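> Below is the structure I would like to discuss, written out as structure tokens.
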Amino acid sequence: MSERLCTVLLYSDDPQVRDRMRLAVGTRPAADLRIEFVEASTYAECIRLVDDYEIDLMLLDGEASPGGGIGIARQIKDDLPDDAPPTCVVIARAADRWLASFAEVDATLVHPLDPVTTAATVTDLLRANAPA
């Protein structure tokens, strides 16, 4: 089985939340996947990184301020309808899944992040969207 290097964009205005996301995913969420992280703390940085890098997955903090991850996910899906990377938003309340669904995110996770669930979700998204 060959190893695939994937770039995951972590977005949150809070560096501690980005650290928790990074730790929950890990650099090896599966034997066939190795993760490289790029980080953004503002909406503008997030958009720039999506434009400048080949992002394989966006992991966005739905509670970030002033630009929340759900809004960023929706904006990127609108701007890049055919080229938007898969998106997972971390939300504070499971009840916010309807809003994430409206933003067309591919998956949601709930704070606090469970490392097993987070790694499995990231792995599933990366494998489902692997280049042919």
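> Please name all residue pairs, on different chains or six or more residues apart, with Cβ atoms under 6 Å, provided the first residue is in segment 108-131 and is at pLDDT below 95 and surrounded by 13 or more Cβ atoms within 10 Å (Cβ to Cβ) and the second residue is assigned to a loop (DSSP other than H, G, I, E, B) and not β-branched (Val, Ile, Thr).
His111/Ala92; Asn129/Pro86
> Another question, if that's okay. Taking the criterion of being modelled with pLDDT of 95 or more, touching a Cys at 6+ places or on another chain (Cβ under 6 Å) and of a type in the set (A, V, I, L, M), would at least one residue in segment 44-65 satisfy it?
Scanning segment 44-65, I find at least one residue that is modelled with pLDDT of 95 or more, touching a Cys at 6+ places or on another chain (Cβ under 6 Å) and of a type in the set (A, V, I, L, M), so the answer is yes.
Matching residues to (1) under 14 Å from the mean Cα position of the chain (by Cα); (2) part of a helix (DSSP H, G or I); (3) buried (at least 17 other Cβ atoms within 10 Å of the Cβ):
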residue	(1), (2), (3)
Gln16	no, yes, no
Arg22	yes, yes, no
Glu36	yes, no, no
Ala44	no, yes, no
Asp51	no, yes, no
Ile70	yes, yes, yes
Ala73	yes, yes, yes
Ala95	no, yes, no
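> Evaluate the following for Thr42: is it polar (S, T, N, Q) and over 26 Å from Pro131 (Cα atoms)? Talk me through it step by step, then tell me what you get.
Details: polar (S, T, N, Q): yes; over 26 Å from Pro131 (Cα atoms): yes.
When the stated conditions are applied, Thr42 passes them.
> Output the residue which, of all residues in segment 97-107 that are among the small types (Gly, Ala, Ser) and closer than 30 Å to Ala31 by Cβ, is surrounded by the fewest Cβ atoms within 10 Å (Cβ to Cβ). If you could, list the steps in order and put the result at the bottom.
First, the residues of segment 97-107 that are among the small types (Gly, Ala, Ser): 100-101, 103, 107.
So of that shortlist, the ones also closer than 30 Å to Ala31 by Cβ come out as 100, 107.
On the way: Ala100: 24, Ala107: 18.
The extreme case among them is Ala107.
> Something else now. Would you confirm whether or not segment 16-25 contains a residue that is free of Cβ contacts under 8 Å to residues at least 60 places away in the same chain and farther than 14 Å from Leu113 by Cβ?
no
The values are calculated or read from the model by the stated rules, or taken from the named source; none is laboratory data. Fair warning: this is a prediction, and the values are worked out from it, not measured in the lab. Note: ideal-geometry Cβ built from the backbone for every residue, glycine included; neighbour counts use all protein chains shown.
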